[in-house]
1. What does a probe at V65 reach in the stretch 323-358, counting residues whose amide N is under 20 Å from the point 7 Å along Cα→Cβ?
2. Arrange the following residues from fewest to most other Cβ atoms within 10 Å of their Cβ: I29, I83.
3. Just name one of N261, G238, L311: the one whose Cα is farthest towards the positive end of the charge dipole of the stretch 234-356 (beta-carbon charges, Lys/Arg +1, Asp/Glu -1).
4. Under unit Cβ charges (Lys, Arg +1; Asp, Glu -1), what dipole magnitude, rounded to 20 debye, does the stretch 30-369 have relative to its Cα centre?
5. Set the Förster radius R0 to 60 Å, insert the Cβ-Cβ distance between V277 and W135 as r into 1/(1 + (r/R0)^6), and round the FRET efficiency to 0.05.
6. Determine, for H348, H47, H99, H312, the number of other Cβ atoms within 10 Å of each Cβ, and report the residues in order from fewest to most.
7. With θ set to phi - 60° and the Karplus curve 6.51 cos²θ - 1.76 cosθ + 1.60, what are the ³J(HN,Hα) couplings of the stretch 270-283 in order, to the nearest whole Hz, using x for Gly and Pro?
8. Could you give each residue of the stretch 300-317 its phi-based ³J(HN,Hα) in whole Hz, using Karplus coefficients 6.51, -1.76, 1.60 with θ = phi - 60°, and x for Gly or Pro?
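Values quoted throughout were computed directly from the atomic coordinates according to the rules given, and no laboratory measurement underlies them. Predicted model, so just to flag it, every value in this text is computed and none were measured. Note: ideal-geometry Cβ built from the backbone for every residue, glycine included; neighbour counts use all protein chains shown.
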Amino acid sequence: MRIGKASAGSKPADAPRGSVGQQAPRGRIGILDGLRLCAALMVVLYHYVAFGGGWEGSQAQLFPVLFRPSAYGWLGVELFFMISGFVICMSSWGRSVSHFFTSRVIRLFPAYWLAIAVTTAVVFFMPGGITPLPWRDLLVNLTMLQRPMGVDEVEGVYWTLWAEMRFYLLFALVVWRGVTYRRVVVFCCVWATAAVVAKRGEANPISDLVMAQDCWFFIAGLAFYLMYRFGQNLLLWGMIAFCFAMGNYTAMATWRATLDNVGHNVPGWGVAVVLTVFFVTMAGVALGWFRRVDWRWLPTAGALTYPLYLLHESIGWEVFHRYQYTVNQWVLVGGTLAGVLVLSYLVHRLVEKPMSKRLKTGLTKAFDQIRAEGATHHERPPTPVGPVRPEPGPPGSGPPGSAPLPQGSGPDLDSPTRTLRLPAAPPPASAAPPRSRPVSG
């Protein structure tokens, strides 16, 4: 459900004010779960049918019908990035940095840790064409920082997790300030400018941070969510068109690299066709074309995509390497895919969901303690209530009405270390009755 929809060319209702407190609609968008599953299956078919992996023969001969379409399956990663930009902008609206951090940790790490354990066990106990990593590299992989540390990855697909983490790090700046229409637009423009500048220069940490190769799909996802939330306008369409052009340009460079992986030539125009389908579909999501798509199985399918993505690669290749000479290749691919889907479901239900709840509880408690400590540290000392009894003054100060103190003997009003003392109260009057005044004769 969209809120605050503006007509084309008009400004969103909250754009001039930049409201931070307004939260996004939290209902699931069913079509996005379906698109996640499509993206994951594209990547799986690319690795199982087109990439090579554990097959000894030519994939073009083994899968003559499915080979060429599967050769574009790597583009499913770009669809993942677009969906991520859309969903992260939606889920972080009106949220704090601590909530943003917690939601990302519980979403990424539980299934990831188990996937490392399962993949390592399969590679170790089913020796084939893959060499297990040393334990030191495995420990670094558990942090999800193996790429910046220069350590080999348990799975090749883990490179996309480092891209996601950089996106989260950059967008956390917007969350810290408060997510608004204008701030997201400014963020997209600054990020795109930095990526263009970084693309022209030599590789450096800044260019690696801004992801000049893949940032266009994250930015497009952010723009599509703004269109979904506030309605279409010329600015958002311009941002999306720019990302489409730049995304096609950078994707063609990746396509040239994939030709070595697949071993056969596939036409480059297919990249433009697939990306066009992605952008048109996401535009349909933003404009509400698929709001009736709300099938009951879609949330479960969307939940399976992350474990499926993490688990499929090495496990599938080890199975193909061992059984390719005794089992039909189509049966082997279909059976392996079905088995990995079942394994992904078990990971989601038995590990990911309960561990995510525990992590969320623990992290929420930790951030509550930090906030409580900060509040205690900034508390002001209590102010006395009611009249304060004056302290006795120095000797010779005298009662009110006496001669003024000599200059320089009073309190220093500008000194932060001196206390202003009030003069002592006069002694109480005598209790004897007053004497009568004589009357003159």
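1. 327-338
2. Values: I29 22, I83 25.
The fewest-first ordering by Cβ neighbours comes to I29, I83.
3. G238
4. Numbers: 25 positive and 17 negative charges, 259 e Å.
For the stretch 30-369, the charge dipole is close to 1240 debye.
5. 0.90
6. Details: H348 20, H47 24, H99 17, H312 28.
Sorted ascending by nearby Cβ count, the order is H99, H348, H47, H312.
7. So the Karplus estimates, Gly and Pro as x, are x, 4, 5, 5, 5, 5, 4, 4, 4, 5, 5, 5, 5, 5 Hz.
8. Whole-Hz 3J(HN,Hα) from phi for the stretch 300-317: 5, 4, x, 5, 7, 5, 5, x, 4, 4, 6, 9, 6, 5, 5, 4, x, 5.
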